[in-house]
């Protein structure tokens, strides 16, 4: 079986999550011959736990299409759904498939096994052995390959430890004891879902405080290693901050970061030209581990132990024994890692080693120029791997509003506006 495309400007998009689907929608609307590979919304469908709520609100959870006709609100209207303040995973998945059916109905489900340089362009080897030549490749393969497993847990069997992106059915842990590692959204929501499914849960975190989004006060432990009772009374969420000048300053509608840094983070054209010593701390502050403002009430009966670190983890008699840095121990049935992700694009299995070796990276992330193009001409990265160059919104669905049109203009060779918000 063979497949061919016109010799100029054809593009292959690898990945069919929010960034991949949005990129294809914009490229095709612009007349760029584009083929897309992937399983639509697979990472969200297979990796996220059932019953999950998205951290971002519905207003910041739309995929991007060039005509603005495939927004989340349009999907809700078409299906008679009412969007609330939070968005259930199941609704987001339905919306993503609805978007795919309208923007990328011919999505190719085959896996891309290898991407290598060939004749000034790229050669793709598909899972059935077919070879495909294209001029450009857009990698939109997401975070699946970057789940971070701290070394201390590396030797535990898969039956005793899992990452938050591998847990779909929390009911499987009913009446089991589970230690949740981390204080970010995936850890805290995972703990809430486990508790609601009937598990005995303790959250273990290295920090001395839990950060809550939405303007609430931090909940602090009284000392190292002590358990924290999640407050039932929190500071009210304030939509508006009044400066001394009398101006009203709202956070950017991206919902990424606080009232000041959210606006810098929502300006990728500005951020990518800033020195790395400024850009990286800003990004880290915007994506620091934090829990959504609707989580504290659900964690009221869950023990959260702060300022503690697991220094040893080993299986013993069918359970997991954890030793903490204060000398105390825990014996649990399972460990859930809410330890986030560590981007290293050389870990994408489909990138030819010779291609990866030529790729300029910083701490595993590709160094990207205009239009999300890497140091290898014609090879683009969108989504989380572009966070190093374009800022924190690229870790969130809302960033598709900037990434997809910017990528398309680059591929068309058109100059865009000097500045564009990422929403």
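Any read-out appearing in this document is the output of simple, stated calculations on the displayed coordinates, not a laboratory observation. Owing to the predicted nature of the structure, the values given are computational and were not obtained by experimental measurement. Cβ atoms come from the backbone with ideal geometry, glycine included; neighbour counts cover every protein chain shown.
Length gained on full extension, residue 172 to residue 207: 9.7 nm, using 0.36 nm per residue less the C-alpha separation.
Which value in Å does the Kirkwood hydrodynamic radius of the chain take, with 1/r averaged over all unlike C-alpha pairs and then inverted? List each step's numbers first, then the result.
Details: mean 1/r = 0.0440 Å⁻¹.
That comes to 22.7 Å for the chain.
Distance from the Cα centre of region 56-94 to that of region 311-339, in angstrom? Region 56-94 and region 311-339 have Cα centres spaced 40 Å from each other.
Seen against the Cα atoms of the chain and their longest principal axis, helix 185-196 is set at about 50 degrees. For residue 250 and residue 412, what is the calculated FRET efficiency with R₀ set at 30 Å and r taken between the beta-carbons, to the nearest 0.05? With R0 = 30 Å, the Cβ-Cβ based efficiency is 0.30. Ordering of 289-298, 356-365, 266-275 by packing is 289-298, 266-275, 356-365, highest average first (other Cβ atoms within 10 Å, averaged per residue).
Here residue 357 and residue 420 are evaluated by their C-beta separation; at R0 = 51 Å the FRET efficiency comes out at 0.95. The modelled label-to-label distance for the pair residue 85/residue 73, using points 7 Å beyond Cα in the direction of Cβ, is 1.9 nm. Where Rh is the Kirkwood radius over the Cα pairs of region 323-423, the temperature 10 °C and the viscosity 1.306 mPa s, what D in µm²/s does Stokes-Einstein return? Once the numbers are plugged in, D ends up at 100 µm²/s. In this simple spin-label model, placing a label point 7 Å from the Cα along the Cα-to-Cβ direction at both residue 321 and residue 94 gives a separation of 4.9 nm. Computed from Cα atoms, the angle from the helix 18-29 axis to the main principal axis of the chain rounds to 20 degrees.
Using just the helices of the chain, give the 222 nm mean residue ellipticity in deg cm²/dmol: DSSP H runs with n ≥ 4 each add -39,500 (n - 2.57), and the total is spread over all residues, rounded to 500.
Values: 11 runs with 95 residues, N = 423.
Calculated mean residue ellipticity at 222 nm is -6000 deg cm²/dmol.
Note on residue 272 and residue 29: the extension gain reaches 84.8 nm, defined as 0.36 nm multiplied by sequence separation minus the Cα-Cα distance. Between residue 159 and residue 114, the modelled label-to-label distance comes to 3.7 nm, taking each label 7 Å out from Cα in the direction of the beta carbon. At full extension, residue 127 and residue 312 could sit 62.6 nm farther apart than now, given 0.36 nm per residue minus the alpha carbon distance.
Sorting 330, 250, 102 from the fewest to the most surrounding beta carbons within 10 angstrom yields 250, 102, 330. Please work out whether region 294-382 counts as rounded, prolate or oblate from its C-alpha gyration tensor, where a ≥ b ≥ c are the square roots of the eigenvalues and a/c under 1.5 means rounded, while otherwise a/b larger than b/c means prolate and anything else oblate? Verdict is prolate for region 294-382.
Between the Cα long axis of helix 400-412 and the first principal axis of the chain there is an angle of about 20°, rounded to the nearest 10.
Rounded to the nearest 5, what % of the DSSP beta bridges within the chain are antiparallel ones? If I count the DSSP bridges inside the chain, around 50 percent turn out antiparallel.
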